[in-house]
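*Asks:* What follows is a structure written as structure tokens; I'll ask about it next.
Laboratory data are not the source of any read-out in this text; all were calculated from the coordinates shown. Every value quoted in this text rests on a predicted model; they were computed, and no experiment measured them. We place every Cβ from the backbone using ideal geometry, glycine too, and count neighbours over all the protein chains shown.
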């Protein structure tokens, strides 16, 4: 009787497993066999609000048909590298396809410098965990080329137990858009290893080894090198003196930038599609910008439209003499001297938008320095007393340097 019961229990377990396999095949596993036709969309990838379609390669064989996105070559339809190249161009504006036989799946890890972009490279089994949009590269494949495979990390489990990758030319079905792969963490060595799912279809399809993953270098932020922060630009006959803008965009070779000015909560787009590292001259019309007499704060915004985190602001000022709307004839109005003329005792008065170093230099008509004074401006109205009563009468030039901005004024000593 005992043996009879054991046989029944074993038979029941076998039937449960067999039925589970049939259900898996009917409702889940069938998608791996039901490949879509060539060019059918099987899923998508969303990054920074941009949707990147994923396509079926049909039979899986080389189509020898080139694909382009907005005129940029992205690879052969619809091989695995094509998705990676197209995604990086759509999301980041970067062409990472490299000619000369360096754009097979295995090559992304082997040659991490892609069109001048030096990707960071992390080995599988190293201390760096994969991150979304890392390019994950596989070695191996079928002879004679052993071209490997490549995909994109779509998501990483919050507990770091698995990753989801998006790729092309594997199952030719929906699974290509959401390929789950286990992630193993060794707490002793503090390393991460990406493996393969322990299922028959995964073992038959992925006859590869995960080499590792590459990542865009950081930081990729724009740095404005001119104009200097809190510079003051003055208006003359309705126009502000030309504003020279210089910027650099670290780590974003081949991308473009946009320049905007934000004045009184109004946004003015000055130029688009400018070089990654470049210069731009702006000659703004004072009245069309709706500026008022006195100081007008202007935020210069330079950014890479493909990377929102690259936004950089620079705060500068446009100045129009209070009470006048027609012009400023010189830089004398940026600060005032009172009284002027005087007997050698006077004050320098100016308004500052920040606490910044101020250097005041007084020179006679021959250029000889009579006085040099270093102080720190406070936000708002500033008054700096000057005493040169021991000097002879005549005309002097007073120069004030605030940050990178230098202005001059005439001082008359009687």
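*Asks:* For the modelled label position 7 Å from the Cα of residue 50 along Cα-to-Cβ, which residues of the range 256-274 have backbone nitrogen atoms closer than 15 Å?
*Replies:* Residues 256-258, 273 qualify, since their backbone N sits under 15 Å from the label point.
*Asks:* What length, rounded to one decimal in nm, is gained on full extension from residue 378 through to residue 311, with 0.36 nm per residue of separation minus their alpha-carbon distance?
*Replies:* 21.3 nm
*Asks:* Please work out how much length the chain gains when fully extended from residue 414 to residue 263, using 0.36 nm per residue of separation minus the C-alpha to C-alpha distance, in nm with one decimal.
*Replies:* 50.0 nm
*Asks:* Given the Cα atoms of the range 35-215, and with Rh set as the inverse mean 1/r over their pairs in the Kirkwood sense, what is Rg to Rh to two decimals?
*Replies:* Taking Rg over the Kirkwood Rh, I get 0.94.
*Asks:* Full extension from residue 146 to residue 347: what is 0.36 nm times the residue separation minus their Cα-Cα distance, to one decimal in nm? Walk me through the numbers on the way to the answer.
*Replies:* On the way: separation 201, 0.36 × 201 = 72.36 nm, distance 8.00 nm.
Gain on extension, residue 146 to residue 347, equals 64.4 nm.
*Asks:* Using the 10 angstrom Cβ neighbour count as an exposure proxy, how do 358, 156 rank, fewest first? Numbers along the way, then the final one.
*Replies:* Working: 358 21, 156 18.
Listed from fewest to most nearby Cβ atoms, that is 156, 358.
*Asks:* Can you give me the relative contact order of the range 35-215 as a percent, contacts being Cα pairs under 8 Å and 6 or more apart?
*Replies:* That works out to 23 percent.
*Asks:* Using Cα centres only, tell me the gap between the range 69-101 and the range 269-291 in whole Å.
*Replies:* So the separation of the two Cα centres works out to 32 Å.
*Asks:* Hey, another quick one. Using a Förster distance of 22 Å, how high is the FRET efficiency between residue 102 and residue 277, based on the Cβ-Cβ distance and rounded to 0.05? Mind dumping the intermediate values first?
*Replies:* On the way: r = 26 Å, r/R0 = 1.16.
So the FRET efficiency works out to roughly 0.30.
*Asks:* Let me ask something additional. Which of 180, 161, 70 has the fewest other C-beta atoms within 10 Å, and how do the rest follow up to the most? Can you show the working numbers first?
*Replies:* Details: 180 16, 161 11, 70 8.
With the sparsest Cβ surroundings first, the list reads 70, 161, 180.
*Asks:* In nm, to one decimal, how far is the residue 174 label point from the residue 120 one, both placed 7 Å along Cα→Cβ?
*Replies:* 3.5 nm
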